[in-house]
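Notes for the one structure printed next.
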Amino acid sequence: MHLKKLFVFLLLTLLVTTPVAAETLKIGLNYPQTGRYKDQGLQQRLGAFLAVDEINKAGGIMGRDVELVIRNTSGEPDKGAKNTAELIDRQGVQMLFGGVSSAVAISSGRAARDRDRIYFGTLTYSNATTGAAGHSHMFREPYNAWMTAKALSKYLTTQHADDEYFYITADYTWGWSVEESVRKFTNTDDTSAHQGVKTPFPRALITDFREALEQAEQSDAKVLMMVLFGDDMVRALNVAYEMGLTKKMQVVVPNLTLGMARQVGPTIMEGVIGGAPWVWSVPYQYDYPRGKEFVEAFSSRYEMRPSTAAASAYSIVYQYKDAVERAGTTDTGQVIRALEGHRYTFLKDEQYWREFDHQNVQTVYVVRVKPRNEIMDDDYSSDYFEIIDSMPGDEAAQTREEWEARRKEAGQPLTL
């Protein structure tokens, strides 16, 4: 055979017989790298990268390596939606997740829906996310404000049945949802007896928190309900401690995370009560093996304990993998159907994706921050939370009738 023809023949043979690597499967993480909620955003990133690395080492999703593409929302709804559009239109991601502010998650979820992609909310607690603003392409992994309030209120009404409350609430969708829900379940709807004040969001100043806390101090309230999150909660609680309010009132932070507790520190946080869908000690207290594996892998890799935000992001990546493999495709419609009604056990006891609203139904925990010496006994000085109560997910979640009532009020259809 002529040398030139032989070379061409060998080259063609090589091209035919050399296996072509499967194209990577891109997923997009939309989280705050800057702004008031950046610590919770970082935890999402760490949890997501751990999940992606584990999955890729085990063969990927249907033989395709997973690639995590990240964008910074800065905690701004418009930026979240813009990022979502760019991740889908230019980067070709098949699924998106993230969000700390509910307003960001809602705007991002709409942008994903418009492009036929699933959006999983990580830290979005507003009832609206899977309620009035819910839609076919939004799935929420953590609980919502209603579930938090119901579990917390069960505990609070036994301990503070006749006490007055004072609410300091971030003035946006999540804050409104939580305050409304807690007032409902604690029978503190009377705002003349149980006063409150709204603080600006997202640009509250220390002076805003001090003025609000001065009003709380002047009231006769025994329960200080701080409906604040991230850096806002951190700054406000530091001021409350300086004013001596943490000794005079029972401080309740409805949505507590390990990152927030670490930022404030064990001395100031001691005795604060809150709600959580998961804390790292849960798998050890209730013997959930897969949860322990996650905690140990995360702690070893990052030299810190995982927060709720990390667990949520980690769980979402695995839930997407599982749904794609059960559907046998990355087609959005088929993955949605694979998720709806699916029950699973992962980092805790059984959870499921409710079919009619895509809310993840799961156990809700009520926690209290431990004394400093107990917190510091942990290898990473992070054993902050004592679990003092819990409520099964089906008991905590809105019923279909309650959900439909909210949809009617908002002028939304009664199906997603």
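The values are calculated or read from the model by the stated rules, or taken from the named source; none is laboratory data. Keep in mind that what you see is a predicted model, and the values were worked out from it rather than measured. Quick reminder, even Gly has a Cβ in these numbers, built from the backbone with ideal geometry, and neighbours come from all protein chains shown. For the accessible areas, the whole protein counts, side chains as well, though only heavy atoms, and no ligand, DNA or RNA atoms are used. Shrake-Rupley method; radii C 1.70, N 1.55, O 1.52, S 1.80 Å.
Key figures
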{"quantity": "Net lengthening on full extension, Thr191/Glu325 (0.36 nm per residue, minus Cα-Cα)", "calculated": "43.2 nm"}
{"quantity": "Proximal charge balance of Met304 [Cβ under 15 Å; K/R count +1, D/E count -1]", "calculated": "-2"}
{"quantity": "Over the range 320-373, relative contact order from alpha-carbon pairs under 8 Å, at least 6 apart, %", "calculated": "19 percent"}
{"quantity": "Highest-fluctuation residue, Asn187, Asn83, Asn127 considered, GNM on the chain with Cα pairs under 10 Å", "calculated": "Asn187"}
{"quantity": "Rounded to whole Å, sorted largest first: equivalent-ellipsoid semi-axes of the range 162-308, Cα gyration tensor", "calculated": "30, 17, 14"}
{"quantity": "Over the chain: helical MRE at 222 nm, DSSP H runs n ≥ 4 each giving -39500 (n - 2.57), nearest 500", "calculated": "-14500 deg cm²/dmol"}
{"quantity": "Solvent-accessible area per residue for the range 169-254 (1.4 angstrom probe, square angstrom)", "calculated": "42 Å²"}
{"quantity": "Added length on full extension, which subtracts the Cα-Cα distance from 0.36 nm per residue, Thr157 to Lys408", "calculated": "87.3 nm"}
{"quantity": "Cβ-placed point charges (K, R +1; D, E -1), dipole of the chain about Cα centre in debye, nearest 20", "calculated": "1540 debye"}
{"quantity": "Choice from Thr186, Thr345, Thr246 with maximal GNM fluctuation in the chain (Cα, 10 Å cutoff)", "calculated": "Thr345"}
{"quantity": "Highest-MSF residue in the chain out of Glu164, Glu141, Glu23 [GNM, Cα springs under 10 Å]", "calculated": "Glu23"}
{"quantity": "Approximate spin-label separation Glu86-Lys292, in nm, with each point projected 7 Å along Cα-to-Cβ", "calculated": "4.4 nm"}
{"quantity": "Cα pair distances in the range 227-376, grouped into 5 Å bins until the bin that holds the longest one, percent each", "calculated": "2, 8, 16, 18, 16, 14, 11, 8, 4, 2, 1, 0"}
{"quantity": "Overall form of the chain per C-alpha gyration tensor (a/c, 1.5; a/b vs b/c)", "calculated": "prolate"}
{"quantity": "When the convex hull of its Cα atoms is projected in every direction, mean area for the range 217-299 (nm²)", "calculated": "6.1 nm²"}
{"quantity": "Where Rh is the Kirkwood radius over Cα pairs, Rg/Rh for the range 304-416", "calculated": "1.07"}
